[in-house]
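> The following block contains the structure, expressed as structure tokens.
Every read-out reported here was derived from the displayed coordinates using simple, explicitly stated rules and does not represent laboratory data. In this text, all values refer to a predicted model and were calculated from it rather than measured experimentally. Cβ placement follows ideal geometry from the backbone for every residue including glycine, while neighbour counts extend to all protein chains displayed.
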Amino acid sequence: MNKENFRHTVLFWLKEPENQTYRSAFEASLKRFIESSKYVQNKHIGVPAKTNRAVIDATYTYCLSVSFLSKEDQDKYQDEPAHLKFIEESSKLWRKVVVYDSDLI
């Protein structure tokens with residue numbers, strides 16, 4: 001069994017989060033990219049959950065959380081042609097991106 005030692009979580013805020021055409025284009029591009037990655041071990045693509053507590057930030061439009069065997073694999077993922085294509089296709093749709101990277105303890 002593979003041990004996932006590195007987690008990469010990305011929050012996206014779309015420019016027009018209510019625009020279903022933009023949402024569909026973003027989702028399709030993101031899914032194509034993640035499904036073709038040679039390095040992603042596990043993935044979660046989601047939207048804000050319907051939870052309500054003071055500590056929750058649900059202002060983002062999409063969340064991507066992926067795991068890797070190592071930071072080196074995550075570095076390779078950053079340079080994959082599919083990742084670069086995703087950025088090219090979708091960056092015009094978002095207004096903000098925040099990334100959280102973490103190592104397993």
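> Hey, can you tell me all the residues within the range 1-35 that are β-branched (Val, Ile, Thr) and either touching a residue at least 40 places away in the same chain (Cβ under 8 Å) or under 25 Å from residue 68 (Cβ atoms) (or both)?
Narrowing the range 1-35 to residues β-branched (Val, Ile, Thr): 9-10, 21, 34.
Result: 9, 10, 34.
Yes or no, residue by residue, for (1) of a type in the set (Ser, Thr, Tyr); (2) farther than 17 Å from residue 23 by Cα; (3) assigned to a helix (DSSP H, G or I):
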{"site": "39", "(1), (2), (3)": "yes, yes, no"}
{"site": "54", "(1), (2), (3)": "no, yes, no"}
{"site": "57", "(1), (2), (3)": "no, yes, no"}
{"site": "67", "(1), (2), (3)": "yes, yes, no"}
{"site": "72", "(1), (2), (3)": "no, yes, yes"}
{"site": "76", "(1), (2), (3)": "no, yes, yes"}
{"site": "86", "(1), (2), (3)": "no, no, yes"}
{"site": "89", "(1), (2), (3)": "no, no, yes"}
{"site": "102", "(1), (2), (3)": "yes, yes, no"}
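> Still on this model: Does residue 79 satisfy the criteria of being free of Cβ contacts under 8 Å to residues at least 12 places away in the same chain and not aliphatic (A, V, I, L, M)?
On the way: free of Cβ contacts under 8 Å to residues at least 12 places away in the same chain: yes; not aliphatic (A, V, I, L, M): yes.
Yes.
> Tally the residues that are charged (D, E, K, R), under 20 Å from residue 75 (Cα atoms) and under 13 Å from the mean Cα position of the chain (by Cα), restricting the search to the range 20-60.
Taking the range 20-60 as the starting set, the residues that turn out to be charged (D, E, K, R) are 23, 27, 31-32, 35, 38, 43, 50, 53, 57.
Pick out the ones that are also under 20 Å from residue 75 (Cα atoms) and you get 31-32, 35, 38, 43.
Then drop every residue that is not under 13 Å from the mean Cα position of the chain (by Cα), which leaves 31-32, 35, 43.
Here the count works out to 4.
> Now a separate question. Please work out if residue 87 is among the β-branched types (Val, Ile, Thr) and more than 13 Å from the chain's Cα centre (by Cα). So that I can check it myself, show each step before the final result.
On the way: among the β-branched types (Val, Ile, Thr): yes; more than 13 Å from the chain's Cα centre (by Cα): no.
So residue 87 does not fit the description; no.
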